[in-house]
Amino acid sequence: MRKEKINDAVSPVVGVMLMLVVTIIIAALVSTFAAGLADSQSTPPQLALKGTYSQSTGLVITHAGGDPVALADVAFITTPSELFGADGNKFAWVIDKSIISNSKNQPILNKTSGFYTTSALVSGDSLHVTHENSVDFSTDSSWKGPNPGVNYNAQTLWEGEGKSLYFGAYAFCNPDNVGKYFYLDMVDPAGSTIARAKVTITA
């Protein structure tokens, strides 16, 4: 009687081995992709922002602790709070970096060359906008106002008493607004808020 070899069990074993190999390859590819994706996404800086505003001396922006931030990658925005009126959000204003100075009284951005004299803001550093560049209110019709100011949207350059009263109500230099606060935001290029400070107006 002749004995025959039975190979029926070979096929399932080969199939399982192939499935394992394919699974391992897929897992390796997914792992590599995930690692590359994590490396390509930078973590936004975490920091505390502080601001002071005096109608007689101007605006001071202070890095109060946390991660350093590249000044080329952020913008500073002022927005009147609800204490000014219901339309506060309409008066949000991006401060031109050419009027923001470092500790040496140099503009952090040279508007002509486009170069930054100060590249980063680190914990403990302060930036300053002088009184002359902070003024945003006048009842004098001949007044030209600074260019561009810290709240240019509220400059009363419109004729007519009604408009002057309306826009002036949102101006930080309006003496009637002493004691109120506005918001100072640091935002990234996409417009997302990195840090926010409530800044109280003093005389």
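For the stretch 132-140, check the following and say yes or no: at least one residue is of a type in the set (Val, Ile, Thr), within 21 Å of Ser56 (Cα to Cα) and either free of Cβ contacts under 8 Å to residues at least 12 places away in the same chain or not in a loop (DSSP other than H, G, I, E, B) (or both). The answer is no, given that none of the residues of the stretch 132-140 is of a type in the set (Val, Ile, Thr), within 21 Å of Ser56 (Cα to Cα) and either free of Cβ contacts under 8 Å to residues at least 12 places away in the same chain or not in a loop (DSSP other than H, G, I, E, B) (or both). With respect to Phe182, is the statement that it is buried (at least 18 other Cβ atoms within 10 Å of the Cβ) and modelled with pLDDT under 95 true? In short, no. Among what's in the stretch 80-92 and is under 19 Å from the mean Cα position of the chain (by Cα) and buried (at least 20 other Cβ atoms within 10 Å of the Cβ), pick the residue that is farthest from Gly66 (Cα to Cα). Once the filter is applied, the top-ranked residue is Phe91.
Residues considered: Ile95, Ile61. Of these, the only one that is within 16 Å of the chain's Cα centre (by Cα), under 14 Å from Val199 (Cα atoms) and aliphatic (A, V, I, L, M) is Ile61. Those strands (runs of 3 or more DSSP E) of the stretch 41-88 in which at least 2 residues are among the small types (Gly, Ala, Ser), considering only elements entirely within it, cover 47-54, 58-66.
When the stretch 108-129 is filtered for residues that are part of a loop (DSSP other than H, G, I, E, B) and either of a type in the set (A, V, I, L, M) or loosely packed, with under 13 Cβ neighbours inside 10 Å (or both), the ones remaining, listed by number, are Ile108, Lys111, Thr112, Ser113, Gly114, Phe115, Ser119, Val122, Gly124. Checked across the stretch 78-89, the condition of being in contact with an Asp or Glu (Cβ under 6 Å, 6 or more places away or on another chain) and of a type outside the set (Gly, Ala, Ser) holds for no residue. The residues in the stretch 1-60 that are at pLDDT below 70 and either within 30 Å of Thr78 (Cα to Cα) or in contact with a strand residue (DSSP E or B) (Cβ under 7 Å, 6 or more places away or on another chain) (or both) can be counted, and the count is 1. Among Ser98, Ser123, Ser81, which is the only one that is of a type in the set (Ser, Thr, Tyr) and within 18 Å of Phe182 (Cβ to Cβ)? The unique qualifying residue is Ser81.
The values are calculated or read from the model by the stated rules, or taken from the named source; none is laboratory data. Model, not experiment: these values are computed from the prediction. Backbone-built Cβ (ideal geometry, glycine too); neighbour counts: all protein chains shown.
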